[in-house]
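Data block below; observations after.
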Amino acid sequence: MRFRHADTIWSTHPQLTAGVLYADGVDAHADTGPRAAAHTARAAARLAGAPEGEFPEITAWRRTFSGLGLRPTQYRCAAESLLRRLRKEGGLPRIHPVVDLCNAISVAHAVPVAALDADRIAAPLLEVRPARGEEVYTAFDGTTEHPAPGEVTFVDSAGRAHARRWTHRQSGWSAVGPDTRRVLVVTEAMHDGGERTVRALLKTVAEELAAHWPVVTTDAVLTAGAPEFAFAG
């Protein structure tokens, strides 16, 4: 299986830094709560000094969404939505041990982190690219949608879209669940210093997964010159 960003994404968003990690061996039984809480506390401490809308990581994604013709206060990147919820409610929802860790690490670094069930992605390619309009997206309530032509999404080889509006919302089809054993974690940053953030985030995800499961992980930072990551599947 291969993961990549299309050339047009790199050419139109040269500030993008992407990181991807593959892990085999997770389950739904580990208690990641204490470690997730530690990462969430880091984000809460930062929010005490300024709201998420003032974070450079978030303002960079707002500019990106505006450039795509999206209202950034209507369609927020996933990291901003989580930070906003943390600020307003004082915590994040408990969903699945892997997702809880990724969400907590996402708010700690203030960049979007997507965790996908690798067995729900049709091989041989998952590509971040503009939609053509015929891709099928499955929402968390089971309804289906078609991303608008030009909308950036994650598309597999079966034409299934695994996101809406790039980093705004993941698909229910490939959501990590009770039967998930293999995960693909993707993070994307648009701010100055994004490569440093992405490298630190990937290291943290790998360490946290290894602390809770007997996993084997591989990861990479993707660039326009090296845009592809291969993993089992």
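The values are calculated or read from the model by the stated rules, or taken from the named source; none is laboratory data. Not measured: the values here are computed from a predicted model. So basically every Cβ, Gly included, is an ideal-geometry build from the backbone, and we count neighbours across all protein chains shown. Each accessible area value is taken on the protein alone, full model and side chains, heavy atoms only, with ligands, DNA and RNA left out. Shrake-Rupley method; radii C 1.70, N 1.55, O 1.52, S 1.80 Å.
Structure notes:
- Matching option when the condition is more than 15 Å from R169 (Cβ to Cβ), modelled with pLDDT of 95 or more and charged (D, E, K, R), among R87, R76: R87
- Residue tally, condition among the β-branched types (V, I, T) and either open to solvent by less than 20 Å² (accessible area, probe 1.4 Å) or touching a Ser or Thr at 6+ places or on another chain (Cβ under 7 Å) (or both), over segment 30-61: 2
- If the condition is being modelled with pLDDT under 95 and in contact with a strand residue (DSSP E or B) (Cβ under 8 Å, 6 or more places away or on another chain), then segment 216-230 contributes V216, T223, A226, P227.
- None of G225, G233 is over 18 Å from T64 (Cβ atoms), touching a helix residue (DSSP H, G or I) at 6+ places or on another chain (Cβ under 6 Å) and surrounded by fewer than 18 Cβ atoms within 10 Å (Cβ to Cβ) except G233.
- Selection from segment 79-100 of residues that are crowded, with 21+ Cβ neighbours inside 10 Å and charged (D, E, K, R): E80, D100
- If the condition is being part of a strand (DSSP E or B) and either on the phi > 0 side of the Ramachandran plot or aromatic (F, W, Y) (or both), then segment 216-233 contributes only F229.
- Output for segment 12-57, where each listed residue is farther than 30 Å from G233 by Cβ and assigned to a loop (DSSP other than H, G, I, E, B): A48, G49, A50, P51, F55
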